[in-house]
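A short worksheet on the structure shown next.
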Amino acid sequence: MLNLQCEAARSLNHALRANAIFSAVSGLIIVFLHATVLQWLGISGISIMALGAGLVLFSAYLFWMSGREQLQKSLVIGVIAGDWAWVMGSVLLIAFKADGFSTFGLFLLTDVALLVMIFAIWQQRALTRLASAVN
């Protein structure tokens, strides 16, 4: 368990909360503006509602994590792994299905992947510093 009251934990809390806010906003945009998002991406004939709902649930989980006084390291590692999986999935999608998206859609996919990568790196660095401070 990581004691989240120490100074080194602030960065981890900020990273988790920033990730939560971005995930919540993205999820809500997808849920309430799904037709517009599909138009931005240049795709049709699929439903992305589950993706939006999943992002909203993920954001709730991140908010819950960031508000705890103690946190299992494995939970944070799981979030980081999930963020990296998103990034890799985005890279594969762009690499192998780029012709299925609009130019703006590719720009959007790339930007979201970059932001998620920043969250993964930020969380990993914060976790490493926190683990060093605890030991």
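The values are calculated or read from the model by the stated rules, or taken from the named source; none is laboratory data. Predicted model, so just to flag it, every value in this text is computed and none were measured. Here Cβ is always computed from backbone atoms with ideal geometry, including for glycine, and neighbour counts include all displayed protein chains.
I'd like the full set of residues that are in contact with a Gly (Cβ under 9 Å, 6 or more places away or on another chain), surrounded by 16 or more Cβ atoms within 10 Å (Cβ to Cβ) and assigned to a helix (DSSP H, G or I), limited to segment 91-115.
Within segment 91-115, Gly105, Leu106, Ala113 meet the criteria.
Starting from residues that are more than 18 Å from the chain's Cα centre (by Cα) and without any contact (Cβ under 8 Å) to a residue 24 or more places away in the chain, keep the ones in segment 67-102 and report whichever is nearest to Phe119 (Cα to Cα).
Ala95
Give segment 67-78 a look and list any residue that's surrounded by fewer than 20 Cβ atoms within 10 Å (Cβ to Cβ) and either of a type in the set (A, V, I, L, M, F, W, C) or within 13 Å of Ala20 (Cα to Cα) (or both), or say none.
Gly67, Leu75, Ile77, listed by residue number.
Keeping to segment 47-90, report how many residues are closer than 16 Å to Leu109 by Cα and part of a helix (DSSP H, G or I).
Selection size over segment 47-90: 11.
Suppose the filter is within 27 Å of Ser11 (Cα to Cα) and surrounded by 13 or more Cβ atoms within 10 Å (Cβ to Cβ); does Leu55 pass it?
It is true that Leu55 is within 27 Å of Ser11 (Cα to Cα) and surrounded by 13 or more Cβ atoms within 10 Å (Cβ to Cβ).
If Ile43 satisfies all but one of (1) in a helix (DSSP H, G or I); (2) surrounded by 14 or more Cβ atoms within 10 Å (Cβ to Cβ), what's the number of the condition it fails?
Evaluating Ile43 over (1) in a helix (DSSP H, G or I); (2) surrounded by 14 or more Cβ atoms within 10 Å (Cβ to Cβ) leaves (1) as the failure.
Output the residue which, of all residues in segment 21-36 that are at pLDDT 95 or above and within 19 Å of Ser90 (Cα to Cα), is surrounded by the most Cβ atoms within 10 Å (Cβ to Cβ).
Filtering first and then ranking leaves Ser23.
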